[in-house]
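The values are calculated or read from the model by the stated rules, or taken from the named source; none is laboratory data. Keep in mind that this is a model prediction, so the values were computed, not measured. Cβ sites come from the backbone with ideal geometry, for glycine too, and all protein chains shown count toward neighbours.
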Amino acid sequence: MKKFLAILLALVMVFSFVACGGDENTDEGSDVQVKVGYIFIGPINDGGFTQAMYEGAVASKEHFAGKMDFIYRENVAEDTQEVKSTALNMIDEGCNVIIACSFGFGDAMNELSGEYPDITFLHFSGAMKNDTNFDNWFGSMEQARYLTGMAAASVTESNILGYVAAHPYTEVQIGINAFTLGAQAVNPDVEVKVVYINTWGDAELEKTGAEQLLDAGADVICYHADSTAAQLAAAERDAWAIGWNYPKNDAGDKYLTAAYWNPEVYFNYALQNIMDGTFVPESYYGTMADGLIAIDEVSEAVPVEVRNQINDIKQQMIDGTFEVFTGPIYYKDGTVLCEEGQTLDRAGIWSITNEIQGVSAI
Amino acid sequence: MNIRIIKRSDMPKRQEIIIRIAAVLMSIVFAGLILVIFGLNPLKIFATIIKGSLGTEIRIQQTIIRAIPLTITALGIIVAFKMKFWNIGAEGQITMGAFGATWVALNLPETLPMPVMLLLMMIAAMLCGGIWAFIPAMFKAKMGTNETIFTLMMNYIAIKFVTYLQYGPWMDPNAGGFPKIAKFPANAVLPSVFGINIGWIIMLLFVVFVHIFMNYTKKGYEIAVVGESVETARYAGMNISRIIITAMLISGGMCGIVGMIQSSAIEKTLISNIAGGYGFTAIIPAWLSRLNAVSALIVCLAFAMLIQGGTYLQVSLGISSAVSSIVQGTILFFVLGSEFFLQYKVIFGKKSVKAETEVA
Amino acid sequence: MQQNLAIEMRHITKSFGDIKANDDINLEVLPGEVHALLGENGAGKTTLMNMLSGIYTPDSGEILINGAPVTFHSPADSIRLGIGMIHQHFKLVDVMIAKENIIIGQPSSFFTKGRELAQKVKELSDRYGLDIDPNKKVYDMSVGEKQTLEIIKVLYRGARILILDEPTAVLTPQEITKLFRVINNMKEQGCAVVIITHKLNEVMEISDRVTVLRKGQSIDTVVTKDVNIPSLIEMMVGQKVDLSIHREKTEKVEKILEADGVTVLNAEGKEMLSNVSFTLAGGEILGVAGVANSGQKELCESIAGLVHADKGRIFFEGENIVGKTPRDIIKLGIRMGFIPEDRLGMGLVGSMDIVNNMILKDYQNQPGIRLRKGPCIEKAKKIVAALDIQTPSINTPVKKLSGGNIQKVLLGREIDAAPKVLITAYAVRGLDIGASHKIYDLLNEQKKNGVGILFVGEDLDVLMELCDRIMVLCHGEVTGIVDPSEVTKEDIGLLMTGQKLEKEEAAV
């Protein structure tokens, strides 16, 4: 036993020598003006939301060419303590901007923004902000959803589109409704069937949900959940698939397009403001116009006239001449969502509480 | 070569300590080897873990804040485990405790004095956590159901229930369409002492409580007897159903308190992830402490260091979250593995060594 | 010597920690011989045989099988050499049928050759006079049948050397006769049989030679027909011992306990105890005989209130106690010591020390919620001294004590409470002669004090000598309550298997 201990101790010693030889890379005088700490909910290679955010960070670093640097932590749970200590560690590491890329990280940002007035906290989604160093940012994903709905409606033969959705609440319902409106614009007979899986990140359930929709006759699958499992399920059954969050094709030939985030746009914008000292919290809402919201190149499976139509409307969105929610729109229970001749503004859109006519849940 | 495994009967304290130290050293060496394979400098990693958990005052506070739910949950689990009632349902009991506390916080007037409010929240949390543990306990006591599966399943019910509240009836209309339950009013937030929420005082009180309860009360004695032999307990005239139910009410009640602390001091609202995995993680320190309340506190503090240090590791060295999980896992593997060597002896080769078992 | 010895063990030494379980033991067994290994509990019999069956490895010394030196690394090595051990606790899978138990763990092909197996089993059964239904589930078997199955199992594996560890402990006299017939058949076929026992009359009946062990040493090997029981005892115990059990004559006080038509159903609604009626007087020992699981446990538990009698009444000093909680019954002065097979399963908490075990029955009478250990420390000291319990300290976990000392702790605690009725089940199971007699003395002392004792036993010789009356149970029914001075052991054996005695009318 003693001999064994001695060997162990010797090994520990060897390690310490190795360690002493290790290089200590210290930051020598660089011209980094902002150091950003990114807090991600998933892994950076998830092919979805977190990957989109991570690649945005990388692109932004390139954009600022030496003036911006970042560190990140992936797989952070939506647990305020976990988020707070992660952010505190980042501040210790010299970060002066914290970008928290999940809704559940908001409370931690809110608390820390009070305690650390010199640090800027940028929270994806939600509505919390203050007047100096805490802002939220989001985007008009309904625009991209509308365009993908057009693409979907142009290829369906069964006139049934499937939509795998996380939870039944405003954000998700905005997407479903915009998608439906886009689809109806191309093909008025189309019907959108929705499966709520009541979770964000359960690939198995996403797959099951997609299969349920395929069983119900859907031949195009769109989704609002974290993984690309729905795409895979659709391709397996030779149905069309539409991606989300990140332009990742997991369905091969059956991939139509994707509605996705292009967060570099916001990072460049907000970080530039911080560098210039002109940052003011504004509850940023990106659009197709500034490029935060994007749609992947549309597959050639979509008839060329529809592709042209999609490009037209996209241009109108960029020009600000097209509103997704233009009346008359009725909830599926018959109540009015938007009067004829009216359009919904951001506040109106974020007051949606149900699905519109043409949508049915299974 | 011939390998035999023999159960030990007794071991001198000194040897026990040597084995435990060896386990820790082994874990460091092996974790180090793995890190070298990843091309990382192990000593720097270990130093970073220490630095990340104890390096500054704020980090020490963060470590203790994590130790609070871990310790109280472990204490709750100890009470159940002592009875050999495998309560895997702490996660759900924490969640339901948080639910109870939240109901009180959001429904009673904001003008209520803080101590009254907090006390009511604690009572509600203990009740809800206790009830969540009581249900499987009752089924076990009356119908002999398997508590492991039952308590495990109760977790999912609790978490899904809170998810439903968060996205449904309790969704805050002022959250701009996002799924969020309203924030607690100021009188429902646990105050801090020395920069740490007073959960740490509650934690210390519970350590003392469980220690006394398990060792110096009739109920604690009964729980130990039931855990050792239900037949003996029956024979001694104990009301086994009542003991099981009482113990589980206490166990679940403590877990409920964890839910109250987490919702009041940390989240300041209710979220579906309120338990944050503590209900499962705490099983390990509960077991490592050999169901002793005081050791549980020490083990939980060490655990909290490991978790907090792991967080810092990722941030400061920019390494993947998998690496810090591997380091944590390796250390656990050896420390848990040493338990095996404390109970069994492995004999190599033909040479006979004296075996230590009961004399036949 | 022309013929090789079947077993030769030379200078075997084996220690467990500081205790030498076997110290320089020599043993020689011839083929075609029944060799008894005699010794008290703790003498090292089982340890020695476990080395022969590959469970332990000796620290020093050598083992020769059929003349060739061998080393065992595992039980498999021992089986390969044709050694089969029948343990006290059968190693059978309850939910499987006999046939499956025979082939389990065999290194045979994946598919079992059913017909071949059946044929071989039949062949073995015929050769040795074994009788078993190969398709019967083990849980449906009587103890005797299970033992037969164990024997077939080892024979099927080609055993030519059989070791039987206390094989008669759980059998009826009739089953013992049958077992001995099988052993004699094996002997005739040239097998070597080693039988571990501490029952002297069985040694005399079945064995050809005896090796006596005492405190880990081999005392002597003798030819059975050249010795008598007292000399064997002297070799075993190391001194002359008076082995007769006294039946104290006491003045019977009035009846203290009366059972009237007690019926207990189990969870499946089967009658475990059917219409049992008897009386127990103060100052009397009422023996209960029967094969295992004939309702003894239910009888004890229904009196102690652990199970509720589904029908019938139990009067204690004229008061019906059916429906009372165990706690109430304890308070009335009824005490029970039930010693199940593992000794600790009921009555004591193995991992706790003597003090904490003393608390078990008393703590409920303490006021408040605090556990007071003080008085129990005194009590533990008193009992350890009074009953001469061998223990390092009163803080040693009881499971570390030897069987006899564990029993003494249990009985000591129950007696200390000055009960009016004392129920003991298998009080001397696994105890050596000295310890057993100590227990009998304790019971007789209680009897003199006017305590009514219900003594559930398994050794008919003991029951016959100790008890004032013997109640025989079979399948939960009372088949007779007899006066031991008026019946023979065989009569009781018949009652145990459910046959009525003609002269039962004459019994008390």
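Scanning the range C:367-398 for residues that are outside any helix (DSSP H, G or I), surrounded by 14 or more Cβ atoms within 10 Å (Cβ to Cβ) and more than 31 Å from the chain's Cα centre (by Cα) returns C:Leu371, C:Arg372, C:Lys373. In the condition set (1) crowded, with 17+ Cβ neighbours inside 10 Å; (2) within 12 Å of chain A (Cβ to nearest Cβ); (3) part of a helix (DSSP H, G or I); (4) modelled with pLDDT of 90 or more, B:Phe184 is compliant with all but (3).
Counting the residues of the range A:68-122 that are under 24 Å from B:Ala175 (Cα atoms) and not β-branched (Val, Ile, Thr) gives 27. Scanning the range C:163-179 for any residue that is under 19 Å from the mean Cα position of the chain (by Cα), surrounded by fewer than 20 Cβ atoms within 10 Å (Cβ to Cβ), touching a residue at least 60 places away in the same chain (Cβ under 8 Å) and assigned to a helix (DSSP H, G or I) turns up at least one such residue. The helices (runs of 4 or more DSSP H) found entirely in the range B:191-240 that carry 1 or more residues being out of contact with any strand residue (DSSP E or B) (no Cβ under 9 Å at 6 or more places or on another chain) and touching a residue at least 60 places away in the same chain (Cβ under 8 Å) are B:199-216, B:218-228. If you go through the range B:111-122 and pick out every residue that is more than 22 Å from B:Ile271 (Cβ to Cβ) and in a helix (DSSP H, G or I), you end up with 4. The residue list C:Gly67, C:Gly82, C:Gly54 contains one member that is of a type outside the set (Phe, Trp, Tyr), more than 9 Å from chain B (Cβ to nearest Cβ), in contact with a Phe, Trp or Tyr (Cβ under 6 Å, 6 or more places away or on another chain) and surrounded by fewer than 23 Cβ atoms within 10 Å (Cβ to Cβ), which is C:Gly54.
Being within 14 Å of chain A (Cβ to nearest Cβ) and either touching a Gly at 6+ places or on another chain (Cβ under 6 Å) or in contact (Cβ under 8 Å) with a residue 40 or more places away in the chain (or both) is a description that does not apply to B:Ile131. Taken over the range C:43-70, the criterion of being assigned to a loop (DSSP other than H, G, I, E, B) and out of contact with any helix residue (DSSP H, G or I) (no Cβ under 8 Å at 6 or more places or on another chain) is satisfied by C:Gly44, C:Asp59, C:Asn66, C:Gly67. Being touching a helix residue (DSSP H, G or I) at 6+ places or on another chain (Cβ under 7 Å), outside any helix (DSSP H, G or I) and modelled with pLDDT of 85 or more is the filter here, so list the residues in the range C:217-249 that pass it. Of everything in the range C:217-249, those that are touching a helix residue (DSSP H, G or I) at 6+ places or on another chain (Cβ under 7 Å), outside any helix (DSSP H, G or I) and modelled with pLDDT of 85 or more turn out to be C:Ile219, C:Asp220. When B:Gly168 is tested against (1) within 14 Å of chain A (Cβ to nearest Cβ); (2) under 23 Å from the mean Cα position of the chain (by Cα), only condition (2) is not met. Looking only at residues of the range A:126-145 that are of a type outside the set (A, V, I, L, M, F, W, C), touching a helix residue (DSSP H, G or I) at 6+ places or on another chain (Cβ under 7 Å) and over 16 Å from A:Gly286 (Cα atoms), we find that the one that is farthest from the other protein chains (Cβ to nearest Cβ) is A:Asn133.
Kindly indicate whether any position in the range B:66-83 is within 8 Å of chain A (Cβ to nearest Cβ) and assigned to a helix (DSSP H, G or I). Steps first, answer last, please.
Applying the first criterion (within 8 Å of chain A (Cβ to nearest Cβ)) to the range B:66-83 yields B:66.
Within this subset, residues satisfying the condition of being assigned to a helix (DSSP H, G or I) are B:66.
Within the range B:66-83, one or more residues are within 8 Å of chain A (Cβ to nearest Cβ) and assigned to a helix (DSSP H, G or I).
Of all residues in the range B:84-104, those being more than 14 Å from chain A (Cβ to nearest Cβ) and closer than 21 Å to B:Met153 by Cα number 13. If you go through the range B:123-147 and keep only what is closer than 16 Å to B:Ser241 by Cα, part of a helix (DSSP H, G or I) and β-branched (Val, Ile, Thr), you end up with B:Ile131, B:Ile135.
Can you go through C:Val138, C:Val154 and tell me which one is out of contact with any Ser or Thr (no Cβ under 6 Å at 6 or more places or on another chain), aliphatic (A, V, I, L, M), more than 26 Å from C:His198 (Cβ to Cβ) and buried (at least 16 other Cβ atoms within 10 Å of the Cβ)?
After ruling out the rest, the residue left standing is C:Val138.
Of the residues making up the range B:98-110, those that are under 17 Å from A:Asp79 (Cβ atoms) and either in contact with a Ser or Thr (Cβ under 8 Å, 6 or more places away or on another chain) or in a loop (DSSP other than H, G, I, E, B) (or both) are B:Ala98, B:Ala101, B:Thr102.
Take C:Thr148 and tell me if it is part of a helix (DSSP H, G or I), touching a residue at least 12 places away in the same chain (Cβ under 8 Å) and surrounded by 14 or more Cβ atoms within 10 Å (Cβ to Cβ). Step through it out loud before you land on a result.
Values: part of a helix (DSSP H, G or I): yes; touching a residue at least 12 places away in the same chain (Cβ under 8 Å): yes; surrounded by 14 or more Cβ atoms within 10 Å (Cβ to Cβ): yes.
Taking the combined requirement at face value, the residue satisfies it.
In the range B:78-96, the residues that are over 19 Å from B:Ile212 (Cα atoms) reach residues that are surrounded by fewer than 24 Cβ atoms within 10 Å (Cβ to Cβ) and among the basic types (Lys, Arg) with C-beta atoms within less than 8 angstrom, at least six apart or across chains, in these pairs: B:Phe85/B:Lys140.
Of all the listed residues (A:Tyr266, A:Tyr196), the sole one being hydroxyl-bearing (Ser, Thr, Tyr) and at pLDDT 95 or above is A:Tyr266.
For the range C:430-459, the set of residues classified as part of a loop (DSSP other than H, G, I, E, B) and over 14 Å from the mean Cα position of the chain (by Cα) consists of C:Asn449, C:Gly450, C:Val451, listed by residue number. Restricting the range B:239-256 to residues that are surrounded by fewer than 23 Cβ atoms within 10 Å (Cβ to Cβ) and farther than 14 Å from B:Phe81 by Cα, the residue that is nearest to the other protein chains (Cβ to nearest Cβ) is B:Asn239. Scanning the range A:163-174 for residues that are closer than 21 Å to A:Gly47 by Cβ, part of a helix (DSSP H, G or I), modelled with pLDDT of 95 or more and away from chain B (no Cβ under 14 Å) turns up nothing.
If a residue has to be free of Cβ contacts under 8 Å to residues at least 12 places away in the same chain, assigned to a helix (DSSP H, G or I) and within 10 Å of chain A (Cβ to nearest Cβ) to count, how many in the range B:25-41 make the cut? Summing the residues that are free of Cβ contacts under 8 Å to residues at least 12 places away in the same chain, assigned to a helix (DSSP H, G or I) and within 10 Å of chain A (Cβ to nearest Cβ) in the range B:25-41 gives 4. Inspection of the range C:401-413 identifies no residue that is without any contact (Cβ under 8 Å) to a residue 60 or more places away in the chain, touching an Asp or Glu at 6+ places or on another chain (Cβ under 6 Å) and not in a helix (DSSP H, G or I).
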